[in-house]
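The values are calculated or read from the model by the stated rules, or taken from the named source; none is laboratory data. Note that the structure is a prediction, hence the values are computed from the model and not measured. Cβ placement follows ideal geometry from the backbone for every residue including glycine, while neighbour counts extend to all protein chains displayed.
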Amino acid sequence: MTLKRYVKIVIIVLLTVGTVILVTCEKPERIVNFKTLDVQADDISYTSVILKGEITDLGSKAIEQHGFILSESSFPELGQQSSIEKPLGPATSKGIFQAQFTGLKSNVTYYFRSFVVIESASRVSVIKQFTTKDAIPAATTEAATSISSTSATLEGRVNAKDLSTTVTFEYGLTTEYGSVVTAEENLITDNSVASLNAHINNLTASTTYHFRVKAVNEVGITYGSDMSFSTPETLLDDDDNVYNVVIIGNQWWMQKNLKTTKFNDYSDIPLVTDNTAWADLTTPGFCYYNNDADNNKDLYGALYNWHAVNSEKLCPIGWHVVSDGGWSVLTDYLGGETSAGGKLKEADNEHWDSPNTEATDETGFTALPGGYRDGSNGEFYDIGQSCISWSSTENSSIDAWRRSIHYDNSSVVRSYDLKSSGFSVRCVKGELPYAETNSVDALTSTSVTLNGIINPKGSDTEVTFEYGTTISYGSSITADQSPVSGSESVFVRAYPESLTPRTTYHYRLKAVNSAGIIYGDDMEFTTPDQVTDIDGNIYNTLIIGTQIWMNENLKTTRFNDDTEIPLVTERVSWEGLLTPGYCWYNNEQITYANEYGALYNWYTVNTGKLCPESWHMPTDEEWTILTDAGTIDETGFRAHFGGRRNGDDGEYEQIHVTGNWWSSTEFTSQYAFSRFIYNPPVLLERDFRNKDYGMSVRCIKD
């Protein structure tokens, strides 16, 4: 081991004697080395922080004190009134030291540094900073749900930011509100977004209400934005019975079962009490459960056979018995048939037998167990246990579709029953839309335009096309015009792609509004085959009327007899060329060939060997048949704006600006007929060009 010596030389000058040199050994002072560390995200909360520092060298003198200084000021100092000091005592070893500060403000930037004290003198580190988390709750008002004539469910989302937060809703006729209701789960503490709601009653029908969510914690108050909803008007039947209305999704439903004794033309519905007479009915009829109107009419409504439903006069004007598809709209909106029943049932055991499984009535539909009357024997069954409702949709000559909800599960069961059965009826606002599937156009090897006609009958209507290789379809596409509203018929279309060539597809129009679902008739089309040229290039094809066209520009480099077409790149060689030749725009095959194809002079066209076997160059007359079929958009002809090459100077021009195509028809000894179109495409116009021009080619099937 090498011994290190530190030498200190002291020179003393004696005026009378001389100079004395003293040599002593002394170790030099070593300075303490420390630093402040950056604050890690996990060490910051809404009102506290953990600060850390590190001593990397203790130095040669004792550290009497060390710790941190924290301040909202950007320059924290020891002894400063605005600073918070956290002393940790003497330091006797190297390593990490830390301290926790509490009682801080949320969402505030703080500045801090570490310090040490040696021989009563302090030293400080560089200044660092952090920002406490925002502890003011976040609140968002959501659209109200389950809106009825007299009630609604107010919805909101709140993040409590880890602090105990109380949630309420303010509501009223103006943005001054005036009324307050506590959210069902009114006290939350998580640092995550919670969905909360509150149900309000005793509202006025046909009235607009404002509301907002309010979240309060120890840090502050946050209000969600103002939102509004309108309660629907009440409904009156021809017996002057009044029904509240509930809005679920985009459907307006009666909130109770129908109990009218009259059709909406004021004619009487026959009341049938005898069991045998009921079972034999093939005409409209109604009754009350157990023929007891006093106890069952007002609570459960009447029971009607399907012949009364099918009269189309059972519901008040502007309303109708919901279709089978309309029931599906409801159950789909509620998450499916297996859980929808619980959301529709009255949420207690006042009328339902126990256990009334998963009943919440969160929709406000308030389904009640009015039982039913058997269509085969006229007997009454299942009051307290079943709510069975007709649809307006026939299944066969003897039965029709219905929906049932039961006391011992949460499902809505779809099934059919005898038309002579007696079930409850719920009316829904609006009429079923009209849907008509039309024939396709713009049919290519891989795409098509599907067409149809919709009359939404006054209700907003979602429109789609279903399509596939069987009548099960399997794919759907939204119509461009969806949703459709109003009371006039509207032409709708959609554009499926990625179809398989030479394949038969089925398709139909589907229209969904508050009243239900309507399908147009099933129709079919067959995609044309693709065509391959002698170079192996594959082209999609397009059916327009009786013609089948390539829907891409030709790009073959050989005639169909396998001979080469001369490639002419030099400008001087192209000028005045009187024999076959082709080129790529700007002589850049990689850039232009795939999208725009090749440019051919008319002498190449006139060989009769340019198109694949069983295909040919279109004549001027065949081009005219195409243009007479409609605009480019209507026919589905995919224009490619590949420009052209001049014959007199061999220059290229108008790429992306025009598309130019030859016909096989000669105009004069110098010119031939052609077609051109400008970008954007509308009309394909007739023209003629010098035969030495280079232009695109489309082939047509023989």
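Is it the case that some residue within the range 603-612 is at positive phi and not in a strand (DSSP E or B)? Yes: one or more hits.
Considering A144, A205, A215, which residue is farther than 30 Å from K259 by Cα and either outside any strand (DSSP E or B) or not assigned by TED's automatic domain parsing to the domain that holds G59 (or both)?
Details: A144 fails: farther than 30 Å from K259 by Cα; A205 fails: farther than 30 Å from K259 by Cα.
None of the other options fit; the residue is A215.
Counting only strands (runs of 3 or more DSSP E) that fall entirely inside the range 492-545 and contain at least 2 residues that are aromatic (F, W, Y) and either farther than 13 Å from G636 by Cβ or within 26 Å of the chain's Cα centre (by Cα) (or both), the qualifying elements are 504-513.
Exactly one residue out of T182, T109 is among the polar types (S, T, N, Q), farther than 29 Å from P87 by Cα and either modelled with pLDDT of 95 or more or not assigned by TED's automatic domain parsing to the domain that holds H199 (or both), and it is T182. Taken over the range 357-375, residues that are farther than 17 Å from T153 by Cβ and part of a loop (DSSP other than H, G, I, E, B) amount to 6. Taking interchain pairs and intrachain pairs at least six residues apart, which have beta carbon atoms under 9 angstrom, with the first residue in the range 490-508 and on the phi > 0 side of the Ramachandran plot and the second surrounded by fewer than 16 Cβ atoms within 10 Å (Cβ to Cβ) and outside any loop (DSSP other than H, G, I, E, B)? So the pair list comes out as R502/T526. When T260 is tested against (1) assigned to a strand (DSSP E or B); (2) modelled with pLDDT of 95 or more, just one condition goes unmet, and that condition is (1).
Those strands (runs of 3 or more DSSP E) of the range 394-450 in which 1 or more residues are over 19 Å from I248 (Cα atoms) and in contact (Cβ under 8 Å) with a residue 12 or more places away in the chain occupy 399-406, 412-418, 434-441.
For (1) charged (D, E, K, R); (2) assigned to a loop (DSSP other than H, G, I, E, B); (3) closer than 15 Å to I405 by Cα, each residue gets a yes or a no:
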{"site": "E312", "(1), (2), (3)": "yes, yes, no"}
{"site": "S328", "(1), (2), (3)": "no, no, yes"}
{"site": "S339", "(1), (2), (3)": "no, no, yes"}
{"site": "G342", "(1), (2), (3)": "no, no, yes"}
{"site": "D348", "(1), (2), (3)": "yes, yes, yes"}
{"site": "W352", "(1), (2), (3)": "no, yes, yes"}
{"site": "P355", "(1), (2), (3)": "no, yes, yes"}
{"site": "N377", "(1), (2), (3)": "no, yes, no"}
{"site": "D382", "(1), (2), (3)": "yes, no, yes"}
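Among the residues of the range 556-580, those that are touching a residue at least 40 places away in the same chain (Cβ under 8 Å), within 15 Å of R644 (Cβ to Cβ) and in a loop (DSSP other than H, G, I, E, B) comprise E575, L577.
Residues that are within 21 Å of T444 (Cα to Cα), modelled with pLDDT under 95 and among the polar types (S, T, N, Q) are absent from the range 676-689 altogether.
With respect to the conditions (1) in a helix (DSSP H, G or I); (2) surrounded by 15 or more Cβ atoms within 10 Å (Cβ to Cβ); (3) modelled with pLDDT of 95 or more, E621 falls short on a single one, namely (2).
For the range 373-409, the set of residues classified as under 36 Å from the mean Cα position of the chain (by Cα) and surrounded by fewer than 18 Cβ atoms within 10 Å (Cβ to Cβ) consists of E394, N395, D408, N409, listed by residue number.
If you take the residues of the range 156-182 that are buried (at least 22 other Cβ atoms within 10 Å of the Cβ) and in a strand (DSSP E or B), which of them is nearest to the chain's Cα centre (by Cα)? Looking at residues that are buried (at least 22 other Cβ atoms within 10 Å of the Cβ) and in a strand (DSSP E or B), I get G156.
Restricting to the range 183-196, give me the number of residues that are closer than 20 Å to I136 by Cα and either in contact (Cβ under 8 Å) with a residue 40 or more places away in the chain or outside any loop (DSSP other than H, G, I, E, B) (or both).
Step one: of the range 183-196, the residues closer than 20 Å to I136 by Cα are 183, 185-196.
Applying the additional criterion that residues be either in contact (Cβ under 8 Å) with a residue 40 or more places away in the chain or outside any loop (DSSP other than H, G, I, E, B) (or both) yields 183, 185-188, 193-196.
Matching residues across the range 183-196 total 9.
Of the residues T276, T234, which single one is in contact (Cβ under 8 Å) with a residue 24 or more places away in the chain, surrounded by fewer than 17 Cβ atoms within 10 Å (Cβ to Cβ) and either out of contact with any strand residue (DSSP E or B) (no Cβ under 9 Å at 6 or more places or on another chain) or small (G, A, S) (or both)? Give the steps one after another, and end with the answer.
On the way: T234 fails: either out of contact with any strand residue (DSSP E or B) (no Cβ under 9 Å at 6 or more places or on another chain) or small (G, A, S) (or both).
Selected residue: T276, the only one of T276, T234 that is in contact (Cβ under 8 Å) with a residue 24 or more places away in the chain, surrounded by fewer than 17 Cβ atoms within 10 Å (Cβ to Cβ) and either out of contact with any strand residue (DSSP E or B) (no Cβ under 9 Å at 6 or more places or on another chain) or small (G, A, S) (or both).
Being surrounded by fewer than 20 Cβ atoms within 10 Å (Cβ to Cβ) and either outside any strand (DSSP E or B) or in contact with a strand residue (DSSP E or B) (Cβ under 6 Å, 6 or more places away or on another chain) (or both): is that true of N553 here? Working first, answer last.
Numbers: surrounded by fewer than 20 Cβ atoms within 10 Å (Cβ to Cβ): no; either outside any strand (DSSP E or B) or in contact with a strand residue (DSSP E or B) (Cβ under 6 Å, 6 or more places away or on another chain) (or both): yes.
No, not satisfied.
Residue check: I625 meets all listed conditions (1) touching a Leu at 6+ places or on another chain (Cβ under 9 Å); (2) closer than 22 Å to V440 by Cβ but one, namely (1). Remark: pairs (first residue in the range 610-634, under 16 Å from L554 (Cα atoms); second residue small (G, A, S) and assigned to a loop (DSSP other than H, G, I, E, B); Cβ separation under 9 Å; 6+ apart in sequence or on different chains) = H616/G608; M617/G608.
For the subset of the range 628-638 comprising residues that are on the phi < 0 side of the Ramachandran plot and either touching a Leu at 6+ places or on another chain (Cβ under 8 Å) or modelled with pLDDT of 95 or more (or both), which member is surrounded by the fewest Cβ atoms within 10 Å (Cβ to Cβ)?
Taking the range 628-638 first, the residues on the phi < 0 side of the Ramachandran plot are 628-629, 631-635, 637-638.
If we keep only those that are either touching a Leu at 6+ places or on another chain (Cβ under 8 Å) or modelled with pLDDT of 95 or more (or both) as well, we get 631-632, 635, 637-638.
Details: T631: 12, I632: 20, T635: 21, F637: 23, R638: 19.
The residue in question is T631.
Taken together, N690, N679, N660, N646 contain a single residue that is under 24 Å from T556 (Cα atoms), surrounded by fewer than 17 Cβ atoms within 10 Å (Cβ to Cβ) and among the polar types (S, T, N, Q), which is N690.
For a quick check of your reading: which strands (runs of 3 or more DSSP E) sit entirely within the range 28-137 and have at least 1 residues that are surrounded by 12 or more Cβ atoms within 10 Å (Cβ to Cβ), among the charged types (D, E, K, R) and free of Cβ contacts under 8 Å to residues at least 40 places away in the same chain?
Values: elements: 33-36, 49-57, 65-71, 83-87, 95-101, 109-118, 121-124, 128-131.
Of the strands (runs of 3 or more DSSP E) lying wholly inside the range 28-137, those with at least 1 residues that are surrounded by 12 or more Cβ atoms within 10 Å (Cβ to Cβ), among the charged types (D, E, K, R) and free of Cβ contacts under 8 Å to residues at least 40 places away in the same chain span 83-87.
When the range 46-71 is filtered for residues that are closer than 30 Å to D134 by Cβ and of a type in the set (A, V, I, L, M), the ones remaining, listed by number, are V49, I50, L51, I69, L70.
Evaluated against (1) in a strand (DSSP E or B); (2) crowded, with 22+ Cβ neighbours inside 10 Å, E462 falls short on exactly one condition, (2).
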